[in-house]
1. Going by the conditions given, is residue B:42 assigned to a helix (DSSP H, G or I) and at the interface with chain A (Cβ under 10 Å from one of its Cβ atoms)?
2. For region A:87-133, give me each residue that is at the interface with chain B (Cβ under 7 Å from one of its Cβ atoms), in a helix (DSSP H, G or I) and buried (at least 20 other Cβ atoms within 10 Å of the Cβ).
3. All but one of (1) surrounded by 14 or more Cβ atoms within 10 Å (Cβ to Cβ); (2) facing another protein chain (nearest Cβ under 10 Å) hold for residue B:27; state the number of the condition that does not hold.
4. Does region A:285-292 include one or more residues that are out of contact with any strand residue (DSSP E or B) (no Cβ under 6 Å at 6 or more places or on another chain), outside any helix (DSSP H, G or I) and closer than 11 Å to residue A:213 by Cα?
5. Could you pull out the residue among A:162, A:146 that is surrounded by fewer than 16 Cβ atoms within 10 Å (Cβ to Cβ), assigned to a helix (DSSP H, G or I), free of Cβ contacts under 8 Å to residues at least 40 places away in the same chain and in contact with a helix residue (DSSP H, G or I) (Cβ under 8 Å, 6 or more places away or on another chain)?
6. Does region A:209-216 contain at least one residue that is free of Cβ contacts under 8 Å to residues at least 12 places away in the same chain, surrounded by fewer than 22 Cβ atoms within 10 Å (Cβ to Cβ) and facing chain B (nearest Cβ under 8 Å)?
7. Scan region B:46-54 and tell me whether some residue there is at the interface with another protein chain (Cβ under 7 Å from one of its Cβ atoms), under 40 Å from the mean Cα position of the chain (by Cα) and in a helix (DSSP H, G or I).
8. Can you tell me which residues in region B:78-119 are at pLDDT 90 or above, within 16 Å of residue B:284 (Cβ to Cβ), touching a helix residue (DSSP H, G or I) at 6+ places or on another chain (Cβ under 6 Å) and within 13 Å of chain A (Cβ to nearest Cβ)?
């Protein structure tokens, strides 16, 4: 038996990586939420941090220029403005964005993430405040320790403080649900909520060639659902090299002698295989993979 | 296009229009907010959501089109968050916060508030006694930058001048600075509660210490009464707010250490959300305190007037939080 056909599969899909959590709606359907992984969380945060710092610099420059331009009169107002901009960016930025319907900061939105309540209920304002207040000890405290320059005994104290506060910064790495300390405290988590497009049904395009490809029953029975999904993935990606390899392997396995273009062959075989497997599904049998009879 | 041969294809073709309509509505809400939709569109969302959800169940059971199932899962999840997300009117929410949520949270945390208050008092008394006994302790309690010359070596005249010689320019800037600075500290005190209460407790004691040390210096020069007015005009509000922030931190740390019958994460979550409500209030109180300190104290130099404001504020806050009132549910009965 040749090595598994699943070699062309993409990196570990979410359902295998232990990041799928069940969320059963009141209607009784499980939505299979996928948690954001640590890398996505970190990227989203860095994006937000970049936006915050960018805004702060821009606001400072504008306020400084204004101050130089109008000399005197409204200096006090400008000073107040700057203080509130700083306070707002540090504390209000995350809260305000997560309070909106999308429950995501620009960084999270860019990565297709959102905050959700762990118990599946509505996400409340107090939860959002709680999860973001903790940033004080997750981000700003380690930063303070990092920026403190000391030597001797004080240096060791700073190092101890950095280690201690670093535990909070790296908290998401130490638990299964990738919770920040703030998530733990607020009863929230961050899930993927990507906007997917509904792509064309592959069986429809494959059906054109139904007449040209008359697979025998035995040929169609060679594979199960797992292989079907791998095949779907290969066709959707449309990389000629991979398609050629997969087509070659299927031809060999089912003993197909025709030499039609790989793409057409794969499409037709996909449509036929899916038809067969779905029929069996309707009769109550889901054929997991090619070893399942 | 040939007639579909698979049942799953027919299934998809019959419902695709509904799904894409739901998708379009959700995308618009994402971009422009729920207000952009008219009533008919808003009302259609739950209906479309339920039909998409039932389609998802059917698709999982009968269709092997992986992409379709993934699409429906993400569509349903997005719709679910919208349909079951809490969306009360902002004004209604603010009203509820001031009428019930905030005072309720303050009342529920009375034990923690008392503990935080006692710790602060303890710090005050200890440092007061110590500084009276040996003035050198002052420098251990109060960081040098904060004193502005108000240390044991200062003359009576100078100390008196710091109490009344308000610099009248840039008062509102000063108020804004005090507010942002204090609010930051309060949020920090709350966040520190997550580390099993201790740092919040230290912060309370430390805060009391600088207070006590300052009092010791002024009392020695016979200016204790005057300092009280200078401090409490905003201090009753500010110290109360800081105490509440510490209390919210205590509640979280306590739930983390002793979750009781509930799971730890659940207990911490409940405590965190309750604390967060209180913290919203604390930020508001600190805003008031910033105004009193930045403007009121500089403009009002009469000791009795200062004390009157201080007393009014503490009575008003206490009555607002702790005055017995009927619960909303009782009122209905």
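1. Values: assigned to a helix (DSSP H, G or I): yes; at the interface with chain A (Cβ under 10 Å from one of its Cβ atoms): no.
Answer is no for this residue.
2. If the condition is that a residue be at the interface with chain B (Cβ under 7 Å from one of its Cβ atoms), in a helix (DSSP H, G or I) and buried (at least 20 other Cβ atoms within 10 Å of the Cβ), then A:91, A:126, A:127, A:129, A:130, A:133 are the ones that fit.
3. With respect to (1) surrounded by 14 or more Cβ atoms within 10 Å (Cβ to Cβ); (2) facing another protein chain (nearest Cβ under 10 Å), residue B:27 is out only on (1).
4. In the first step, residues of region A:285-292 are kept if they are out of contact with any strand residue (DSSP E or B) (no Cβ under 6 Å at 6 or more places or on another chain); the result is A:285-292.
Checking the rest, the ones that are also outside any helix (DSSP H, G or I) come to A:285-292.
Then drop every residue that is not closer than 11 Å to residue A:213 by Cα, which leaves none.
So far as region A:285-292 goes, no, none of its residues is out of contact with any strand residue (DSSP E or B) (no Cβ under 6 Å at 6 or more places or on another chain), outside any helix (DSSP H, G or I) and closer than 11 Å to residue A:213 by Cα.
5. On the way: A:162 fails: surrounded by fewer than 16 Cβ atoms within 10 Å (Cβ to Cβ).
Just a single option satisfies the conditions, and that option is A:146.
6. Of all residues in region A:209-216, those free of Cβ contacts under 8 Å to residues at least 12 places away in the same chain come to A:211, A:214, A:216.
From what is left, the residues that are surrounded by fewer than 22 Cβ atoms within 10 Å (Cβ to Cβ) are A:211, A:214, A:216.
Filter once more, so that each one left must be facing chain B (nearest Cβ under 8 Å): none.
Within region A:209-216, not a single residue is free of Cβ contacts under 8 Å to residues at least 12 places away in the same chain, surrounded by fewer than 22 Cβ atoms within 10 Å (Cβ to Cβ) and facing chain B (nearest Cβ under 8 Å).
7. Filtering region B:46-54 down to residues at the interface with another protein chain (Cβ under 7 Å from one of its Cβ atoms) leaves B:50, B:53.
Applying the additional criterion that residues be under 40 Å from the mean Cα position of the chain (by Cα) yields B:50, B:53.
Those still in the list that are in a helix (DSSP H, G or I) too: B:50, B:53.
Scanning region B:46-54, I find at least one residue that is at the interface with another protein chain (Cβ under 7 Å from one of its Cβ atoms), under 40 Å from the mean Cα position of the chain (by Cα) and in a helix (DSSP H, G or I), so the answer is yes.
8. B:102, B:105
The values are calculated or read from the model by the stated rules, or taken from the named source; none is laboratory data. Keep in mind that this is a model prediction, so the values were computed, not measured. Cβ atoms come from the backbone with ideal geometry, glycine included; neighbour counts cover every protein chain shown.
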